[in-house]
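Read through the structure below, which is laid out as C-alpha cells, and then see the notes.
The values are calculated or read from the model by the stated rules, or taken from the named source; none is laboratory data. Since this is a predicted model, take the numbers as computed values, not measurements. Here the Cβ is made from the backbone with ideal geometry for all residues, glycine too, and neighbour counts use every protein chain on show. Accessible surface areas use protein heavy atoms only, side chains included; no ligands, DNA or RNA. Shrake-Rupley method; radii C 1.70, N 1.55, O 1.52, S 1.80 Å.
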Number of protein chains: 2
Amino acid sequence: MMDETEQIDRIRLFNRAYTRRIGVLDEGLLDSPFSLTEARILFEIATAPDISAGSLGGILDLDAGYLSRTLKKLEQSGLVVASRPAEDGRRRALRLTAAGESAFKALDAASRDAVAGMLGPLGPQNRLRLVAAADTILACLAGSPEPAARLRAHQPGDMGWIIERHGALYAAEYDFDARFEALVAEIAADFLRHFDPARSCCLIAARGDERLGSAMVVDAGDGVAKLRLVLVEPQARGLGLGRLLLEGCLDFARQAGYRRMTLWTNSILTTARQLYETAGFQLVDEAEHSDFGPRLIGQSWTRDL
Amino acid sequence: MMDETEQIDRIRLFNRAYTRRIGVLDEGLLDSPFSLTEARILFEIATAPDISAGSLGGILDLDAGYLSRTLKKLEQSGLVVASRPAEDGRRRALRLTAAGESAFKALDAASRDAVAGMLGPLGPQNRLRLVAAADTILACLAGSPEPAARLRAHQPGDMGWIIERHGALYAAEYDFDARFEALVAEIAADFLRHFDPARSCCLIAARGDERLGSAMVVDAGDGVAKLRLVLVEPQARGLGLGRLLLEGCLDFARQAGYRRMTLWTNSILTTARQLYETAGFQLVDEAEHSDFGPRLIGQSWTRDL
DNA sequence: AGCCAATAGTTGACAAAAGCAACGATATGC
DNA sequence: GCATATCGTTGCTTTTGTCAACTATTGGCT
C-alpha cells in the first residue's frame with residue numbers, strides 16, 4: 001500500500017517536473033510581442049468577452065493596479081477596447097478588437113503548437129494515456145465525488161473479463177496453472193449457454209467503466225443455488241465489495257425461490273472464507289486435491305436462504 | 001475516437017487549471033522569509049549537495065547573474081556555504097549550513113503540508129487515483145518510447161482477455177449475442193485443456209502490457225491445422241498486426257509439420273477476408289447461419305502449407 | 001433626497017525579480 | 001604559452017509585481 005507520505009512526495013515530484021515542462025512550453029511565447037501575463041489576459045478576454053477588469057484579476061490572480069496598467073497598454077496597442085456598460089458605470093467591459101482577435105489567434109496557435117510539440121514524440125497510445133490521466137487529475141481535484149462502485153448485470157465481454165482476472169490473479173497469487181483458467185472458462189461458457197434470467201445471474205461490481213469484481217449464481221437443481229466465481233480486484237479490496245456481491249447474490253437467490261445456496265472454494269482463500277462465514281455459510285466438506293497445480297484443500301459451504 | 005486537436009485542448013485546459021492549483025500551493029510559502037526562487041534553490045542544494053551554481057541555474061532555469069546575487073544573499077544569511085573544490089578553481093561547491101538545513105526542513109514541511117492540504121479533502125480512493133494519474137503523466141512524458149508491438153506466447157489471463165474482446169467487440173460492431181462469447185469461451189477452454197506446445201499455439205500481439213491482438217492454432221487431425229480466434233483491437237488496426245499474427249501462425253504450423261491450414265470465419269468480416277486471401281487461403285465453403293443472432297454467412301477457408 | 005459604505009478601477013511610488021552584457025578568474029586544447 | 005571556453009561576479013537596466021491613496025459610481029439606509 002502507499003502511505004500518505006509517499007503520496008505527497010510523488011505529487012510534489014510531479015509538480016516540480018510538470019511545472020518545468022510547462023515552463024518550457026511557455027517559452028514558446030517568448031518570440032511573440034506579449035508577456036505571459038498579457039497572453040493570459042488576451043486569452044481570458046477572448047474566452048469571455050465583456051469580462052470586467054475585476055473578474056479578470058480574480059481569475060488570473062493579478063493585482064488590480066498592475067492589471068489596470070497592463071490593460072491600458074493593450075488598449076493603446078489597439079488590441080483591446082473597453083466600454084462602460086449602461087447598467088454599471090464603474091465597470092469596464094473588455095473586448096478584443098479585430099487586431100486583438102488576430103493577435104490572440106496567433107498566440108493560441110503558438111500555444112497549441114507548443115503542446116503539440118510536447119505530445120508529438122509520444123506514441124498515439126501514450127498520448128491517449130496522458131490525456132486520460134490529465135482528465136483524471138482534474139476530475140479528482142474537482143472533487144467530483146468518485147463514482148461509487150455499484151453492481152450491475154453482466155454485459156458482453158464480462159465473462160471474458162471474469163476468466164481473465166481469475167486466470168491472471170490466481171496464477172500470480174497462488175500459482176494456479178492453466179487448468180484453473182480452463183475451468184473458469186468452462187463455467188463461464190456454461191453460464192452463457194444456459195443463462196436464464198429467472199434462475200441464474202451474474203453480478204459485476206463496477207466503478208464507471210472499470211470492473212472491480214464479480215459473482216454469479218447458477219441453478220444446481222433441487223432448489224439449490226450455487227455461488228461461483230466470486231472475485232474482487234486487489235486494488236478494490238477492503239471496500240466491502242465482496243460483501244456487496246454476496247448480498248446481491250443471496251437476494252437474487254431468495255427472489256428466485258431457491259432454498260439453499262452452496263459454494264465451492266479453496267482453503268487458502270482466507271478472505272473469502274471469512275466473508276462466507278460471516279454471511280452465514282457453514283463448511284460441510286473438505287477434500288484435498290491438486291486440480292490446479294499446487295496442493296489445495298477444496299471446501300464446500302452451504303447455507304439456507 | 002479523440003482527434004489530436006481535442007487532445008491538445010484538453011492538455012491545455014489541464015495546464016491552465018493545474019498551474020493555478022500549484023500557484024495556490026506555493027502561496028503557502030509566502031509567510032516564510034524566502035521567495036519561491038530562494039526556496040527552490042535551497043531545495044536543490046539540499047537534494048544535491050556540492051552542486052555548482054552553473055548546474056543549479058541550469059536545473060532551475062535561472063539567469064547566472066540573478067542566481068549569483070541570490071546565492072550571495074543566502075550566504076550572507078548564513079544558510080549556504082560555498083567552497084572552491086580543489087579540482088576546479090572556477091566552480092563553487094554549494095552546501096547548506098546547519099541553519100540552512102533547518103530552514104530547508106521548515107520549507108519542506110510547509111510544502112508538504114500544502115500538498116497534504118490539497119489531497120486532504122479528497123477521498124482515499126481519489127487520492128490513489130490522483131497519484132496514479134500523476135505517475136502516468138510523468139511516465140508518458142519521460143517518453144519511454146512506446147515499445148513496439150510484438151508477438152508472444154499466451155500467459156495466464158490471456159484466454160480470458162481473448163474471450164472478453166471477442167465478446168465485447170463482436171457485440172458492439174456486429175450485434176453478435178451471448179452465444180458467440182460462449183463459443184469463444186468453449187474454444188479457449190478447450191485450447192487450455194488440450195494445449196500441446198508441439199501441436200498448438202496461441203499468439204498474443206502485445207505492446208508492453210497492453211494486448212492488441214490474438215490468434216491461435218489447434219490440431220484438427222489428419223495433418224490439418226485450424227486457425228482460430230484471430231482478432232486485432234480497433235485502436236491497433238492498420239498496423240499490420242493481423243498479417244503478423246497470421247504469419248506467426250503459419251510459421252508455427254509449418255514447423256509443427258502440418259500439411260494444411262483451415263479456418264472458419266464470417267463474410268461480414270471483410271478485413272479478415274482480405275487478410276486470408278492475400279495470405280493464400282481459398283474459400284472452400286459458405287453456409288448461412290444465425291448461430292450468434294444476426295443472419296450471417298459462415299465461410300471455410302483453406303490453404304496448403 | 002441625501003448620506004455612507006462598498007465596489008470598480010486608476011494612479012503614483014516603490015520594491016522585488018529577472019535579464020543583459022561586460023568582466024575577472026580559472027581551466028583546457030593545441 | 002597562447003587562444004578559447006567555462007564558471008562565476010558585478011553594474012546597469014527592464015520587467016513585473018505590490019501597496020496605498022485616490023476618483024467615480026452604485027446601492028442601501030434613514
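Residue under question is B:Ala103, and the condition is that it be away from DNA strand D (no atom under 14 Å from the Cβ) and farther than 18 Å from A:Asn15 by Cα; does it hold? Steps first, please.
Working: away from DNA strand D (no atom under 14 Å from the Cβ): yes; farther than 18 Å from A:Asn15 by Cα: yes.
The answer is yes for B:Ala103.
Taken together, the criteria exclude B:Arg193 from residues that are open to solvent by 70 Å² or more (accessible area, probe 1.4 Å), touching a residue at least 40 places away in the same chain (Cβ under 8 Å) and among the basic types (Lys, Arg).
For B:Leu25, indicate whether it is hydrophobic (A, V, I, L, M, F, W, C), closer than 30 Å to A:Ala139 by Cβ and under 35 Å from the mean Cα position of the chain (by Cα).
Working: hydrophobic (A, V, I, L, M, F, W, C): yes; closer than 30 Å to A:Ala139 by Cβ: yes; under 35 Å from the mean Cα position of the chain (by Cα): yes.
Here the answer is yes, as B:Leu25 does meet what is asked.
Against the conditions (1) open to solvent by 30 Å² or more (accessible area, probe 1.4 Å); (2) farther than 30 Å from A:Ala215 by Cα, where does A:Pro147 fall short? Just the number, please. If we test A:Pro147 against (1) open to solvent by 30 Å² or more (accessible area, probe 1.4 Å); (2) farther than 30 Å from A:Ala215 by Cα, just (2) comes out false. Of the residues A:Leu107, A:Leu62, A:Leu94, A:Leu67, the single one that is touching a residue at least 12 places away in the same chain (Cβ under 8 Å) and touching a strand residue (DSSP E or B) at 6+ places or on another chain (Cβ under 8 Å) is A:Leu94.
Among the residues of segment B:231-290, the one identified as aliphatic (A, V, I, L, M), assigned to a loop (DSSP other than H, G, I, E, B) and either open to solvent by 80 Å² or more (accessible area, probe 1.4 Å) or not assigned by TED's automatic domain parsing to the domain that holds B:Asp196 (or both) is B:Leu239. Beta carbons closer than 6 Å, at least 6 apart along the sequence or on distinct chains, pair a first residue in segment A:148-163 that is closer than 17 Å to B:Leu229 by Cα with a second that is of a type outside the set (Val, Ile, Thr) and not in a helix (DSSP H, G or I) for A:Trp161/A:Arg211.
Of all the criteria given as (1) away from chain A (no Cβ under 14 Å); (2) among the acidic types (Asp, Glu); (3) within 39 Å of the chain's Cα centre (by Cα), the one not satisfied by B:Glu87 is (3). Considering the conditions (1) within 14 Å of chain B (Cβ to nearest Cβ); (2) buried (at least 23 other Cβ atoms within 10 Å of the Cβ); (3) under 18 Å from the mean Cα position of the chain (by Cα), A:Ala206 is excluded by exactly one of them, (2).
Of all residues in segment A:70-87, those satisfying the criterion of being farther than 27 Å from A:Ala109 by Cβ and either of a type in the set (A, V, I, L, M, F, W, C) or within 12 Å of DNA strand D (Cβ to nearest atom) (or both) are A:Arg84, A:Pro85, A:Ala86, A:Glu87.
Residues checked against (1) at pLDDT below 95; (2) among the hydrophobic types (A, V, I, L, M, F, W, C):
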position: B:Ala225; (1), (2): no, yes
position: B:Val232; (1), (2): no, yes
position: B:Leu239; (1), (2): yes, yes
position: B:Thr262; (1), (2): no, no
position: B:Thr265; (1), (2): no, no
position: B:Thr271; (1), (2): yes, no
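Residues in segment A:90-107 include none that are closer than 29 Å to A:Leu36 by Cβ, of a type outside the set (D, E, K, R) and at the interface with chain B (Cβ under 8 Å from one of its Cβ atoms). Scanning segment B:6-43 for residues that are away from DNA strand C (no atom under 13 Å from the Cβ), more than 13 Å from chain A (Cβ to nearest Cβ) and open to solvent by less than 50 Å² (accessible area, probe 1.4 Å) yields one hit, B:Leu42.
List the helices (runs of 4 or more DSSP H) inside segment A:50-133, counting only whole elements, that have at least 1 residues being loosely packed, with under 14 Cβ neighbours inside 10 Å and near DNA strand C (Cβ under 9 Å from one of its atoms).
On the way: elements: A:53-60, A:64-76, A:98-119.
Filter on segment A:50-133 gives A:53-60, A:64-76.
In segment A:44-64, what residues are hydroxyl-bearing (Ser, Thr, Tyr) and either more than 12 Å from every other protein chain (Cβ to nearest Cβ) or near DNA strand D (Cβ under 10 Å from one of its atoms) (or both)?
A:Ser52, A:Ser55
What residue, of B:Ala98, B:Ala48, is modelled with pLDDT under 90 and in the same structural domain as B:Ala134 (by TED's automatic domain parsing)?
Matching residue, one of B:Ala98, B:Ala48: B:Ala48.
Checking each residue in segment B:129-177 for being within 7 Å of chain A (Cβ to nearest Cβ), in contact with a Pro (Cβ under 7 Å, 6 or more places away or on another chain) and at pLDDT 90 or above picks out B:Gly167, B:Ala168, B:Ala171. Annotation: B:Arg199 fulfils all but one of (1) within 12 Å of chain A (Cβ to nearest Cβ); (2) farther than 24 Å from B:Thr271 by Cβ; (3) in contact (Cβ under 8 Å) with a residue 24 or more places away in the chain; the unmet one is (1). Which one is nearest to the other protein chains (Cβ to nearest Cβ) among residues in segment A:113-128 that are in contact (Cβ under 8 Å) with a residue 12 or more places away in the chain and within 15 Å of A:Tyr18 (Cβ to Cβ)? Only one residue fits best here, namely A:Val115.
Residues in segment A:178-196 that are within 19 Å of A:Thr265 (Cα to Cα) and either more than 10 Å from every other protein chain (Cβ to nearest Cβ) or not aromatic (Phe, Trp, Tyr) (or both): A:Ala178, A:Arg179, A:Glu181, A:Ala182, A:Leu183, A:Val184, A:Ala185, A:Glu186, A:Ile187, A:Ala188, A:Asp190. Taking the numbered list (1) within 30 Å of A:Gln7 (Cα to Cα); (2) within 16 Å of DNA strand D (Cβ to nearest atom) in turn, B:Gly123 passes all entries but (2).
Please go through segment B:291-305 and pick out each residue that is part of a loop (DSSP other than H, G, I, E, B) and under 26 Å from B:Arg179 (Cα atoms).
The initial filter retains those residues of segment B:291-305 that are part of a loop (DSSP other than H, G, I, E, B), namely B:291-295, B:305.
Hits for segment B:291-305 are B:Asp291, B:Phe292, B:Gly293, B:Pro294, B:Arg295.
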